[in-house]
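Asker: Structure in structure tokens, see below.
No lab work stands behind these numbers, since they all come straight from the coordinates. The structure displayed is predicted, hence computed values, not measured ones. All Cβ positions, glycine included, derive from the backbone under ideal geometry; neighbour counts span all protein chains shown.
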Amino acid sequence: MKLLKAFSVLVFASCLSGFSQSGNDVPCDCCSEEYKQFDFWIGDWVVYSSAEMVGFNKITKIEGDCIIRENWKSVVSSHTGSSYNYFDKYDKKWKHVWIGSDGVSIVIKGTYKDRKMTMIGDEFHDDKNNRIINKMTWFDNPDGTVRQVWEQSKDGGQAFITLWDGIYRRRK
């Protein structure tokens, strides 16, 4: 009986520790520093590539601040897309799941270090049997902009080419 009582107290204390310290008793399961590493990307952005405005991207936190959602809209084509980004507390990696209106999906994972988020996908084979690996890096620039670079390898990671290089500027 003492063991059951001690276990109950431990479970109750664990539940209490999951609530925010602000006193409003709102659960805060994603409030640790790891969950805030990608917050530099949150915002309402105008996106440029090669100095040309190419689209708008709205990045928000959802689901109790556990998920960062991206909503992309091109102004140079009909392309749209969304991604869901989250910190996986079990393997200590960030995950990015992109789904575009062109049917392209990308799943990558990685870490934040030195003011940049770098994520790499698993190798897969395209319809020409190329060994494809996607890599994306978001740079947290000191001027408040974000640079996103999407690279791809078709030889299993020996060499990467840049498919996208964009700058995010906050919408006014």
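Asker: To the nearest 20 debye, what is the magnitude of the charge dipole of region 67-172 about its Cα centre, counting +1 on the Cβ of each Lys and Arg and -1 on the Cβ of each Asp and Glu?
Answerer: Dipole of region 67-172, to the nearest 20 debye: 540 debye.
Asker: Just to check I understand the Karplus step: with θ = phi - 60° and J = 6.51 cos²θ - 1.76 cosθ + 1.60, what whole-Hz values come out for region 150-162, glycine and proline as x?
Answerer: Once θ is set to phi - 60°, the couplings for region 150-162 become 10, 10, 9, 10, 10, 10, x, x, 5, 9, 10, 10, 8 Hz.
Asker: Could you work out the local net charge near Ile120, counting Lys and Arg as +1, Asp and Glu as -1, over the other residues with Cβ closer than 11 Å to its Cβ?
Answerer: Net charge in that neighbourhood comes out at 0.
Asker: Next question, about the same structure. Return the long-range amide H neighbours of His79 (sequence gap of 5 or more, or a different chain), with a cut-off of under 5 Å between placed amide H atoms.
Answerer: For His79, whose amide H was placed from the backbone, the distant partners under 5 Å are Ser74.
Asker: Tell me which lysines have Cα within less than 25 Å of Lys93's Cα, excluding those fewer than 8 residues away on the same chain?
Answerer: Lys36, Lys58, Lys61, Lys109, Lys113, Lys116, Lys135, Lys154
Asker: In region 34-61, whose amide N lies under 16 Å from the spot 7 Å out along Cα-to-Cβ of Asp143? List them in ranges.
Answerer: Of the residues in region 34-61, 46-53 have backbone N under 16 Å from the label point off Asp143.
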